[in-house]
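The values are calculated or read from the model by the stated rules, or taken from the named source; none is laboratory data. Not measured: the values here are computed from a predicted model. With ideal geometry, Cβ positions are generated from the backbone for all residues, glycine too; neighbour counts draw on all protein chains shown. Just so you know, the surface numbers come from the protein's heavy atoms only, side chains and all, with ligands and any DNA or RNA stripped out. Shrake-Rupley method; radii C 1.70, N 1.55, O 1.52, S 1.80 Å.
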Amino acid sequence: MSGIRAIFRKELADHFSSYRFMILFTLIAMVSLITAYMVGLNIKHELEGVAKPRFVFLMLFTSRGALFSLVQFVALFGPWIGLVLGFDSINRERNEGTLSKILSQPIYRDAVINGKFLAGVVTISIMMISIVLVVTGLGLKMVGVVPGAEEIWRILIYLVISIIYISFWLGVAILFSILFRSIATSALAAFAMWIFFSFFVSLGASVVANAMTPQIGESTPQGIIRRARIEKGFSLISPMELYTEATATIIDPTKKTTHSIVLMGPMERISLSRFSGPLSLDQSILLVLPYIISLIAITAVCFAISYVVFMRQEIRSL
């Protein structure tokens, strides 16, 4: 345990004293604040002279600014935090010869990778908590509405899901830093994986859905539903899709399903119109629980692979 504590403190000090961390944090915080400021201005303008609707504070996170909402921004560029923190965490130590020196001390090998991952997760948590707190403070000032207890709980759950999501990408970056000795190669591999899951999976899902349902005409409602389900199922292999579905439903109580297309009969339409209203927090959590569990699972699997590979590698002879 003392070995993990020593590595954890060293990594945390390295992260917070590096220019790389400061530049990345400043960039992400600045874009988040600009997005929140633009959204806050729009909300303030649209609510002038009218009664403020329920859950208006959460619109700071879900409404689009110039290009995207805060939730969309974190979904697309949040992985950069994990990738930048972890892409050279092991191979840099190995190339500089400090890894063998660390392991020559009374420190177990697993303490090295556990301490590095924990330090990265804590750094990510501090960054995300700081950004959400600043955005919340800005929202209080601009919108003039104090968030209720349910809104605060939804923001906290959104924060936890975001930390898990970015920690997955930290695990990916650490895995590549173990597999590749070259820092440039591990960085390229990590960012190539981010590009693939962020942009190409959605394109591939559309191609797969069209290939699997060539006989279905677009005029048939059942055919459109089937094609949309196939496309949705394939796109869920992307962590970004899992994160987007989970956070969009948690942070937006009016979203009642994770499906893009829903086929409803007459009775369902009547029920929907009669009981229309925002979902409760319990119902939202129940709806996105599979996505949250999937994110935790792939993060654990990624770190477990990194752990096993690192424990089996020959370090002292390098």
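Could you tell me the center-to-center distance, by alpha carbons, between the range 1-32 and the range 107-136 in angstrom?
The range 1-32 and the range 107-136 have Cα centres separated by 8 Å.
Would you work out what percent of the accessible area of the chain, with all protein chains in place, is carbon or sulfur (probe 1.4 Å)?
About 68 percent, which is the carbon plus sulfur part of the accessible surface.
Quick one: what are the phi-derived ³J(HN,Hα) couplings along the range 174-186, Karplus 6.51/-1.76/1.60 with θ = phi - 60°, whole Hz, x for glycine and proline?
Along the range 174-186, the couplings run 5, 4, 5, 6, 7, 6, 10, 7, 7, 5, 5, 5, 5 Hz.
Please express the Cα-Cα pair-distance distribution P(r) of the range 152-196 as a list of whole percents, one per 5 Å bin, running from 0 to the bin with the greatest distance.
5, 22, 21, 16, 12, 9, 7, 4, 2
Using a Förster distance of 35 Å, how high is the FRET efficiency between Asp282 and Asn210, based on the Cβ-Cβ distance and rounded to 0.05?
Using R0 = 35 Å, I get an efficiency of 0.40.
Please give me, ordered by residue number, the chymotrypsin sites (Phe, Trp or Tyr not before Pro) of the range 103-203 that lie in loop per DSSP and have at most 16 other Cβ atoms within 10 Å.
Counting only loop positions with at most 16 other Cβ atoms within 10 Å, the chymotrypsin sites (Phe, Trp or Tyr not before Pro) in the range 103-203 are Tyr108.
Once you have the alpha carbon radius of gyration of the chain, what is it after dividing by 2.2 N^0.38 Å, with N set to its residue count?
Compactness ratio reported: 1.14.
Residue farthest toward the positive end of the dipole of the chain, with Cβ of Lys/Arg at +1 and Asp/Glu at -1: which of Met38, Ile178, Ser63?
Ile178
Could you state the per residue volume, in Å³, of the convex hull enclosing the Cα atoms of the range 84-203?
Spread over its residues, the Cα hull of the range 84-203 gives 148 Å³ apiece.
Limiting things to C-alpha atoms, what are the Rg and the maximum Cα-Cα separation (Dmax) for the range 1-157, in angstroms?
Spelled out, the Cα radius of gyration and Dmax of the range 1-157 are 20.0, 70 Å.
If I fit a long axis through the Cα atoms of helix 109-143 and take the longest principal axis of the Cα atoms of the chain, what angle between them do I get, 0 to 90°, rounded to 10?
Tilt relative to the chain: about 40 degrees.
Ignoring ligands, DNA and RNA, what accessible area per residue does the range 64-159 give at 1.4 Å, in Å²?
Value for the range 64-159: 40 Å² per residue.
Using only Cα atoms and rounding to the nearest 10 degrees, what angle (0 to 90) does helix 19-46 make with the longest principal axis of the chain?
Tilt relative to the chain: about 10 degrees.
Find the all-direction average of the projected area of the Cα convex hull for the range 1-71, expressing the result in square nanometres with one decimal place.
Taking the Cα atoms of the range 1-71, their convex hull projects to 7.2 nm² on average.
Choose one of Phe21, Phe196, Ile293: the residue whose Cα lies farthest towards the positive end of the charge dipole of the chain (beta-carbon charges +1 Lys, Arg; -1 Asp, Glu; about the Cα centre).
Phe21
Could you give the dipole magnitude of the range 78-179 about its Cα centre, charging the beta-carbon of Lys and Arg +1 and that of Asp and Glu -1, in debye to the nearest 20?
That gives the range 78-179 a dipole magnitude of about 160 debye.
Just need log10 I(q)/I(0) for the range 28-106 at q = 0.13, 0.25 Å⁻¹, Debye formula, equal scatterers on the alpha-carbon atoms, no solvent, rounded to two decimals.
Each listed q corresponds, in turn, to -0.57, -1.10.
Working out 0.36 nm times the residue gap between Leu41 and Phe68, then minus their Cα-Cα distance, what length gain in nm do you get to one decimal?
Extra length available between Leu41 and Phe68 comes to 8.2 nm.
So, R0 is 22 Å and r is the distance between the beta-carbons of Asn95 and Met22; what FRET efficiency does that work out to, to 0.05?
0.40
So how much slack lies between Glu150 and Glu48, counting 0.36 nm per residue of separation and subtracting their Cα-Cα distance, in nm?
Answer, rounded to one decimal: 34.3 nm.
For Arg226 and Phe199 in one chain, what is 0.36 nm times their gap in residues minus the Cα-Cα distance, to one decimal in nm?
Gain on stretching Arg226 to Phe199: 7.5 nm.
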